[in-house]
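The values are calculated or read from the model by the stated rules, or taken from the named source; none is laboratory data. Being a predicted model, the structure only gives us computed values, none of them experimental. As a convention, Cβ positions derive from the backbone with ideal geometry for all residues, glycine included, and neighbour counts pool all protein chains shown. With ligands, DNA and RNA removed, areas are computed over all heavy atoms of the protein, side chains included. Shrake-Rupley method; radii C 1.70, N 1.55, O 1.52, S 1.80 Å.
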Amino acid sequence: MGSRGGGGRRGGRRRHGGSGLGGGRAPGREEHRDKGVRLGPTSRGQGWPWRRRPGRRRRRRLGSRPPARPRGPRSGACRRSCCCSSAPTWTWALGRLAQVCRWLRRFTSCDLLWRRIARASLNSGFTRLGTDLMTSVPVKERVKVSQNWRLGRCREAILLKWRCSQMPWMQLEDDSLYISQANFILAYQFRPDGASLNRRPLGVFAGHDEDVCHFVLANSHIISAGGDGKIGVHKIHSTFTVKYSAHEQEVNCVDCKGGIIVSGSRDRTAKVWPLASGRLGQCLHTIQTEDRVWSIAISPLLSSFVTGTACCGHFSPLRIWDLNSGQLMTHLGSDFPPGAGVLDVMYESPFTLLSCGYDTYVRYWDLRTSVRKCVMEWEEPHDSTLYCLQTDGNHLLATGSSYYGVVRLWDRRQRACLHAFPLTSTPLSSPVYCLRLTTKHLYAALSYNLHVLDFQNP
């Protein structure tokens with residue numbers, strides 16, 4: 001048959017153009033050269049250069065996989081998918097997802113999505129068993145602040161100052177701060193930001209002839225231990241105050257739970273007292289510890305209590321006593337060097353507790369595993385005495401050192417210290433006598449002032 005359009009059916013689809021019926025087709029390379037258009041190398045054969053349409057992704061080959069996001073190494077103590085190394089990755093992913101649209105922003109603000117991340121974060125308000133201690137605060141906001149704890153981002157400020165050197169102790173309750181100064185206990189109210197105080201105290205509790213060494217809050221009462229050998233019982237919302245002679249020398253420590261008071265003294269004894277108003281001052285048990293008692297704590301089960309002593313004898317400084325009979329139940333550890341006194345001890349659960357002191361170690365004990373050897377220990381890098389410790393009940397641990405007011409933050413899943421904050425200069429070197437923390441702030445009491453580290457607004 002004759003050719004149609006000057007070249008037959010195949011000739012009508014000429015690649016180099018020309019006159020004919022293919023006027024709507026792509027022009028040839030020569031015509032573009034004449035018009036001054038530069039053509040790059042073609043992608044598909046020798047025809048018109050192929051380009052991706054905007055907004056479309058190139059299809060992957062069949063069976064290929066996208067590259068995996070790198071993840072940090074997982075520690076041996078945290079092998080689940082919600083471990084500490086993957087928490088920042090999930091936080092970043094949910095944050096990017098919230099930028100897509102309003103609906104996804106509301107969806108990613110749901111507490112259920114953040115609970116798993118929060119349990120792997122530092123100081124997010126969750127215990128090791130998953131109990132939420134701060135249900136009124138959105139979990140997403142707590143995870144956001146926990147990143148500042150992990151990275152050490154905070155703002156330092158001084159809340160209170162005093163002229164004379166003190167050995168202060170403090171407690172937190174709701175929006176109030178209780179702190180001892182000389183032979184008084186003062187109550188202050190926090191301002192809404194939590195990083196400042198109303199200068200005028202809410203109340204002043206007196207009754208001791210010498211300095212207050214220690215005190216606790218229990219059942220709307222303040223139970224204080226003084227250097228005059230007396231124990232004071234103060235009602236918080238009234239002027240009721242009772243004090244009674246408890247020991248022959250200064251009372252170094254005191255604790256109260258379930259209507260029972262236990263006290264430890266320099267006179268090498270620990271005593272058990274009732275809190276009932278009609279039986280105040282009646283000693284239930286007197287325990288001969290044969291060593292000075294520096295710290296004491298009652299078990300959450302209200303069946304026993306632990307004493308931390310100066311370790312001047314041939315026995316362990318950590319011993320557990322029966323609360324009902326006063327008999328020795330067991331002692332913890334077997335390799336304490338002489339003089340390794342325990343300055344602070346606290347129960348974290350009915351079977352686990354933490355201790356620190358002169359031997360520069362923080363030790364974590366699990367009574368279900370062994371009483372002879374601790375489960376985990378952390379050493380102070382500068383070989384300083386550890387005066388106090390505090391924990392969030394999960395992964396965060398804070399310690400106060402004896403030199404330059406150094407506060408250290410530890411991740412209990414790691415051996416090394418996360419961050420160190422020296423709060424005093426060389427001329428005013430002071431130990432950190434007491435630490436308290438919330439999910440947003442850390443409070444440290446030193447010889448001359450009270451410091452706050454604000455992790456919410458660094």
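Using a Förster distance of 35 angstrom, determine the FRET efficiency expected from the C-beta separation of Thr89 and Ala420, and round it to 0.05. It would help to have the intermediate numbers written out before the result.
Details: r = 27 Å, r/R0 = 0.76.
The value I calculate is 0.85.
Of Val212, Ile185, Asn252, which is farthest on the positive side of the dipole of the stretch 181-259, counting Cα position, with +1 on Lys and Arg Cβ, -1 on Asp and Glu Cβ, and the Cα centre as origin?
Toward the positive end, the furthest listed residue is Ile185.
Looking at the P(r) of the stretch 101-196, how many percent of alpha-carbon pairs lie beyond 23 Å? Kindly include the intermediate steps, with their values, before the conclusion.
Values: 2119 of 4560 pairs.
The answer is 46 percent, as a whole percent.
At 7 Å along the Cα-to-beta-carbon direction for both Tyr361 and Val137, put a label point, then send me their distance in nm to one decimal.
In this crude label model, Tyr361 to Val137 measures out at 3.4 nm.
Using 1/(1 + (r/R0)^6) with R0 = 22 angstrom and r between the beta carbons of Glu290 and Gln327, what's the FRET efficiency to the nearest 0.05? Please list the in-between numbers first.
Numbers: r = 15 Å, r/R0 = 0.67.
Efficiency computed from Cβ-Cβ geometry: 0.90.
Along each principal axis of its Cα atoms, how long is the stretch 158-454 end to end? Whole angstroms, biggest number first, please.
50, 47, 32 Å, listed from the longest principal axis down.
Length gain on complete extension for the stretch Ser334 to Val100, per 0.36 nm per residue less the alpha carbon to alpha carbon distance?
78.4 nm
For the stretch 341-445, what are the per-bin percents of Cα-Cα distances with bins 5 Å wide, up to the bin holding the maximum?
2, 13, 24, 26, 20, 9, 4, 1, 0, 0
Test of understanding: express the Cα radius of gyration of the stretch 169-304 as a ratio to 2.2 N^0.38 Å, with N the residue count. Intermediate values should be presented prior to the final figure.
On the way: Rg = 14.9 Å, N = 136, 2.2 N^0.38 = 14.2 Å.
That ratio works out to 1.05.
Heavy atoms only, probe 1.4 Å: what % of the accessible area of the stretch 87-148 goes to carbon and sulfur, would you let me know?
Values: 2250 of 3750 Å².
Using a 1.4 Å probe with all protein chains present, the stretch 87-148 comes out at 60 percent carbon and sulfur.
In the stretch 362-418, what percent of the accessible surface is made up of carbon and sulfur (1.4 Å probe, ligands and nucleic acids excluded)? Mind dumping the intermediate values first?
Details: 1050 of 2290 Å².
Roughly 46 percent, rounded to a whole number.
Which entries of Lys140/Lys257; Lys140/Lys440; Lys257/Lys440; Lys243/Lys271; Lys230/Lys257; Lys271/Lys373 have Cα-Cα distances beyond 22 Å here? Please report the intermediate quantities before stating the final value.
Numbers: Lys140/Lys257 34 Å; Lys140/Lys440 13 Å; Lys257/Lys440 27 Å; Lys243/Lys271 15 Å; Lys230/Lys257 19 Å; Lys271/Lys373 27 Å.
Among Lys140/Lys257; Lys140/Lys440; Lys257/Lys440; Lys243/Lys271; Lys230/Lys257; Lys271/Lys373, the Cα-Cα distance tops 22 Å for Lys140/Lys257; Lys257/Lys440; Lys271/Lys373.
Please report, for the Cα atoms of the stretch 87-148, the Rg to one decimal and the Dmax as a whole number; what are they, in angstrom?
Calculated on Cα positions, Rg and Dmax stand at 11.4, 35 Å.
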